[in-house]
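Taking it in order: structure first as structure tokens, then the write-up.
The values are calculated or read from the model by the stated rules, or taken from the named source; none is laboratory data. Predicted model, so just to flag it, every value in this text is computed and none were measured. Quick reminder, even Gly has a Cβ in these numbers, built from the backbone with ideal geometry, and neighbours come from all protein chains shown. Accessible surface is based on the protein model in full, side chains and every heavy atom, while ligands, DNA and RNA are left aside. Shrake-Rupley method; radii C 1.70, N 1.55, O 1.52, S 1.80 Å.
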Amino acid sequence: MEIQEFTQPQAFGRNIQELAASTATETASVRGASLTAYGLQGVKFLGEVISAAKEEFYFANFAKEVTAEPGTSQVSIPIKQIQMTDSDMTANTTGAESGGSGAGTGPYANTVADISFTTYNPLTSVTATILAHGFGYALRRFDMHRNVLGLLNEARDDIGYTMGTRIDQTIAKEFGTNDGLTFAQSGTRGAIQLYGGDALGDDDLTTGDVLTTDLLADASRYLKGTENWYRDGTVGREGTMALDTTVKKNPWKPSTAEPFVLFIGVQQEATLRKDSQFVNAAEYGKDTVVQTGEIGKYLDTKIIVTTHVESFAASATGPDNTTVDSGLSGGMTRCILMKSGHAVALVWGMRPELRVQEWAISDQMLVIVWAYYDIVILQSDAVVCIDVSNA
């Protein structure tokens, strides 16, 4: 994620503000822990910060990115719901070479009067509504003046990562608690829901219903196939698997530019690393481009480990809206298999911009980041959700 930075004169063209920040960073927040010292015994203060762990983009690396021009409040993204094939149309054939055998009036004296026309209706659209998202710190110049650390630089670094984390976690939630997906149902193509073990819902997961290589193979099969499998419970999210014979889904295929990607949590990583079948198959060639968090490739699928996938404790409401069993020690996680570039879009009105603003009347420096964006699901049948136990 690139963040453009503007100092106060660049961004605003004036030097004095007459309003103070409503929430300032107090001295107690930046002075560190108290210590005991003696005047004749030296104390060294190390001017280097040992940083906390930083999150990066994981889901966003595989979303379709769209940039809107200034003055745009909404973006309508055309979607081809399904690729029309021979089975969707009525084919007309001629009679023998010497002429048609029927009483038709067409150019080949067809066995029907005229060619049969098919309604062309695979197109629809989704709409992204761009909104502003922002964070800010208020730092006292007096505190920065007498602090051994570069507080301003640390604040700029942290606030940029905060925005990146917010965006990536919001993408992950579109596949879960934000209910962005349409799940496959009878007559409706959509995301397919799988569970670990023989569970039929998040409320049915038990210890041992973990992510396995067999489950990865099943998920890949459902993503590649045209069969519209759905759960017979509430809106296709839980219950027994059933095959819908009224519509077909898109047969997604992985490619170098738009691969299959599976997002898993750290608990699922530990499980797979103990599986010799996965370890032996997940080795890379020399020229492979490895993405952030990627631990291997299995069955044409990139495996990405991230804490941004949604996890749920025992007794919590799971992503399928059932209640996770109270006895499920360690809880559960929703893993996401998707066709990159087709499942979700990140629509930018303005990419993250970092501004440093002086508030002279309060002797403060304000560090602010703003981004204008929206996140929308494109094609739900490009997603397979896999809910598994963490232990």
Considering only the range 209-251, state which residues are on the phi > 0 side of the Ramachandran plot, outside any helix (DSSP H, G or I) and open to solvent by 50 Å² or more (accessible area, probe 1.4 Å). none
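May I ask you to verify whether ARG355 is open to solvent by 40 Å² or more (accessible area, probe 1.4 Å), more than 26 Å from GLY236 (Cα to Cα) and under 18 Å from the mean Cα position of the chain (by Cα)?
Working: open to solvent by 40 Å² or more (accessible area, probe 1.4 Å): yes; more than 26 Å from GLY236 (Cα to Cα): yes; under 18 Å from the mean Cα position of the chain (by Cα): no.
The answer is no for ARG355.
Conditions tested, residue by residue: (1) farther than 17 Å from ALA172 by Cα; (2) aliphatic (A, V, I, L, M).
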site	(1), (2)
THR301	yes, no
VAL309	no, yes
SER326	yes, no
THR333	no, no
Odd one out for ASN178 among (1) surrounded by fewer than 16 Cβ atoms within 10 Å (Cβ to Cβ); (2) out of contact with any Ser or Thr (no Cβ under 9 Å at 6 or more places or on another chain): (2)
I'd like the full set of residues that are in a loop (DSSP other than H, G, I, E, B) and either under 16 Å from THR165 (Cα atoms) or modelled with pLDDT of 80 or more (or both), limited to the range 277-309. THR292, GLY293, LEU299, ASP300, THR306, THR307, HIS308, VAL309
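Scan VAL384, VAL344, VAL367 and give me the residue that is open to solvent by less than 10 Å² (accessible area, probe 1.4 Å) and closer than 30 Å to ARG140 by Cβ.
Values: VAL384 fails: closer than 30 Å to ARG140 by Cβ; VAL344 fails: closer than 30 Å to ARG140 by Cβ.
The conditions single out VAL367.
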Given the criteria open to solvent by 20 Å² or more (accessible area, probe 1.4 Å) and in a loop (DSSP other than H, G, I, E, B), does ALA257 qualify? yes
ALA199 assigned to a helix (DSSP H, G or I) and either modelled with pLDDT of 95 or more or within 24 Å of ALA270 (Cα to Cα) (or both): no
Residue that is farthest from LYS248 (Cα to Cα), among those in the range 156-194 that are in contact with a Cys (Cβ under 9 Å, 6 or more places away or on another chain) and not in a loop (DSSP other than H, G, I, E, B): LEU194
Any chance ILE159 is modelled with pLDDT of 95 or more and open to solvent by less than 40 Å² (accessible area, probe 1.4 Å): no
Options VAL324, VAL279, VAL261; residue that is touching a helix residue (DSSP H, G or I) at 6+ places or on another chain (Cβ under 9 Å) and without any contact (Cβ under 8 Å) to a residue 24 or more places away in the chain: VAL279
